[in-house]
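Data first, discussion second: the structure below is written as structure tokens.
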Amino acid sequence: MLTAKEQLKVLTDGVVETIKVEELEQKLERSIREGRPLRVKQGFDPSAPDLHLGHAIGLRKLRQFQDLGHDVIVIIGDYTGMIGDPTERAETRPRLTHEQVRENAKTYTDQLYKICDPDRTEVQFNGDWFSRMNFADVMDLAGRYTIAQILERDDFTNRFQNQQPISIHELFYPLMQGYDSVAIKSDVELGATEQKFNCLVGRELQRAYAMEPQIVMLLPVLEGTDGVKRMSKSIGNYIGISEPPKEIYGKTMSIPDTMIARYFELAVALRGDALADVKSRLAEPGVNPRDIKRELARALVALYYDEGQAVAAEEEFDRIFAKKGLPDEIPEPSIEVPAAQDGTGGVWVVALITAAGLAGSNGEARRLIKQGGFRLDGEPVRDVDSVVVLDEPRLLQAGKRRFVRILPDNVRYHDRKV
């Protein structure tokens, strides 16, 4: 068994902030002395069915704790998920029903076990304790934290000062996440840096319930495929760890070149000389970043599948995209489009072209199709009445230089007839 100091070095590697390091070392020393594994917690709200590369940063840290002999408790927020984390939100999230949240959560355990050891992973739904609370229990919880403490959170303060609505149920989110730590008696909680406030509420509530406060370990936030906003299910700029290999590969190839080294560091967990080599090659004149991005895409597919499927995904990508002289960066817009009325689950190609911004109207799209102005996945679009099924990434091309990649997660459907 590693000493407490040796474990501390492993566990704090890649962590942005630990609150507090000396307390973690003390907990590790006591764990060794008493033969009691630490209880290490991380929570996930199933607002969508996929866990993504940003989540994987925390999952890998959980696995490190497991490899050192500690126990991991993954909280699936079926109750917090109905509210939605207000972090960095300028408006109230649409509320999900409990049925929607539980449906999204069905695949979470399979995804967790791509990284975590199932034998040392305890999965709990926070509805198991919140559903048993009566209103007196809720008032007792609310009475252990003040409005002044809640308004220390910048998200709420900014919305209050800008006269933007804050629903009362949103104020309960940090209390509920914090109470999760009380319910499972966590020693350590992991979260992204944006989760600092919520995780610290857990420390304060544990004190309020006469418990030893948990350690908070804050991990870096991974930007999404747009290279700007954090990777997010609600934004749609994410790469899911359970997505098919060709989608992981294709989405990775769409990230900006400026994100290549960061993805190697945070998504592949490259360290030391290997990461330095990537950065050095990217800085060399004459090097095409696209070649290094291909290495990244292969590495990510291999990480969640295997080398054989990584090679197959690259060959598929080359067949569809790379050998057609495409630009390195192609827009991936979020679009809203009417569903086709033929029962296929697809969309009318004319409506798709218009929604993607490649034509100003359906009439213009029809006219340009008849003139041979569009290609779909490299093939000419000839039939104005054709329907496209968007169950995988599709490449739309207008003329010689305009390209748009349509990702299934970026499409919203409505039933309006065109």
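The values are calculated or read from the model by the stated rules, or taken from the named source; none is laboratory data. Remember, predicted model here, so these are calculated numbers, not experimental data. Methodologically, a virtual Cβ is constructed for each residue, glycine included, from the backbone with ideal geometry; neighbour enumeration extends over all protein chains shown.
Would you say Gln111 is in a helix (DSSP H, G or I) and either basic (Lys, Arg) or touching a residue at least 40 places away in the same chain (Cβ under 8 Å) (or both)?
On the way: in a helix (DSSP H, G or I): yes; either basic (Lys, Arg) or touching a residue at least 40 places away in the same chain (Cβ under 8 Å) (or both): yes.
When the stated conditions are applied, Gln111 passes them.
Restricting attention to the stretch 339-365, which residues are of a type outside the set (Val, Ile, Thr), surrounded by 17 or more Cβ atoms within 10 Å (Cβ to Cβ) and over 16 Å from Arg402 (Cβ atoms)?
Selection gives Ala339, Ala340, Gly346, Trp348, Ala351.
Would you call Gln163 without any contact (Cβ under 8 Å) to a residue 60 or more places away in the chain, polar (S, T, N, Q), out of contact with any Gly (no Cβ under 7 Å at 6 or more places or on another chain) and on the phi < 0 side of the Ramachandran plot?
no
Scan the stretch 49-60 and give yes if some residue there is assigned by TED's automatic domain parsing to the domain that holds Asp117, more than 16 Å from Leu219 (Cβ to Cβ) and hydrophobic (A, V, I, L, M, F, W, C), otherwise no.
No; the residues of the stretch 49-60 include none that is assigned by TED's automatic domain parsing to the domain that holds Asp117, more than 16 Å from Leu219 (Cβ to Cβ) and hydrophobic (A, V, I, L, M, F, W, C).
Have a look at Tyr263, Tyr249, Tyr305 and point out the one that is hydroxyl-bearing (Ser, Thr, Tyr), closer than 28 Å to Val10 by Cβ and within 18 Å of the chain's Cα centre (by Cα).
Among Tyr263, Tyr249, Tyr305, only Tyr263 is hydroxyl-bearing (Ser, Thr, Tyr), closer than 28 Å to Val10 by Cβ and within 18 Å of the chain's Cα centre (by Cα).
Conditions: (1) at pLDDT 90 or above; (2) assigned to a loop (DSSP other than H, G, I, E, B). Gly345 meets all but one. Number of the miss?
Against the list (1) at pLDDT 90 or above; (2) assigned to a loop (DSSP other than H, G, I, E, B), Gly345 comes up short only on (1).
Count, please, the residues in the stretch 28-52 that happen to be assigned to a loop (DSSP other than H, G, I, E, B), hydroxyl-bearing (Ser, Thr, Tyr) and either in contact with an Asp or Glu (Cβ under 8 Å, 6 or more places away or on another chain) or under 17 Å from Gly69 (Cα atoms) (or both).
0
Please go through the stretch 1-39 and give me each residue that is more than 23 Å from Leu200 (Cβ to Cβ) and free of Cβ contacts under 8 Å to residues at least 40 places away in the same chain, ordered by number.
Once the filter is applied, which keeps residues that are more than 23 Å from Leu200 (Cβ to Cβ) and free of Cβ contacts under 8 Å to residues at least 40 places away in the same chain, the stretch 1-39 yields Thr3, Ala4, Lys5, Glu6, Lys9, Glu29, Ile32, Arg33, Glu34, Gly35, Arg36, Pro37.
Only one of Asp78, Asp67, Asp119, Asp128 is acidic (Asp, Glu) and modelled with pLDDT of 95 or more. Can you tell me which?
Just a single option satisfies the conditions, and that option is Asp67.
Please verify whether the stretch 226-249 includes one or more residues that are surrounded by fewer than 23 Cβ atoms within 10 Å (Cβ to Cβ), basic (Lys, Arg) and either at pLDDT 95 or above or touching a Lys or Arg at 6+ places or on another chain (Cβ under 7 Å) (or both).
So far as the stretch 226-249 goes, no, none of its residues is surrounded by fewer than 23 Cβ atoms within 10 Å (Cβ to Cβ), basic (Lys, Arg) and either at pLDDT 95 or above or touching a Lys or Arg at 6+ places or on another chain (Cβ under 7 Å) (or both).
Select from the stretch 116-166 the residues that are more than 25 Å from Lys41 (Cα to Cα) and of a type in the set (Ser, Thr, Tyr) and list them in ascending order.
Scanning the stretch 116-166 gives a single hit, Thr157.
Condition check: at pLDDT below 95 and on the phi < 0 side of the Ramachandran plot. Does Gln214 satisfy that?
No; evaluated as a whole, the condition is false for this residue.
Does Arg230 satisfy being charged (D, E, K, R), in the same structural domain as Leu11 (by TED's automatic domain parsing) and at negative phi?
Spelling it out, it is not the case that Arg230 is charged (D, E, K, R), in the same structural domain as Leu11 (by TED's automatic domain parsing) and at negative phi.
Of the numbered conditions (1) at pLDDT 95 or above; (2) part of a loop (DSSP other than H, G, I, E, B), Leu62 satisfies every one except a single condition; which is it?
Status for Leu62: all satisfied but (2).
Residue by residue through the stretch 234-250, note down the ones that are more than 14 Å from Gly308 (Cβ to Cβ) and hydroxyl-bearing (Ser, Thr, Tyr).
Scanning the stretch 234-250 gives Ser234, Tyr238, Ser242.
Only one residue in Arg367, Arg375, Arg405, Arg382 is farther than 26 Å from Met231 by Cβ, part of a strand (DSSP E or B) and outside the structural domain of Phe317 (by TED's automatic domain parsing), so which one is that?
Sole residue among the options that is farther than 26 Å from Met231 by Cβ, part of a strand (DSSP E or B) and outside the structural domain of Phe317 (by TED's automatic domain parsing): Arg375.
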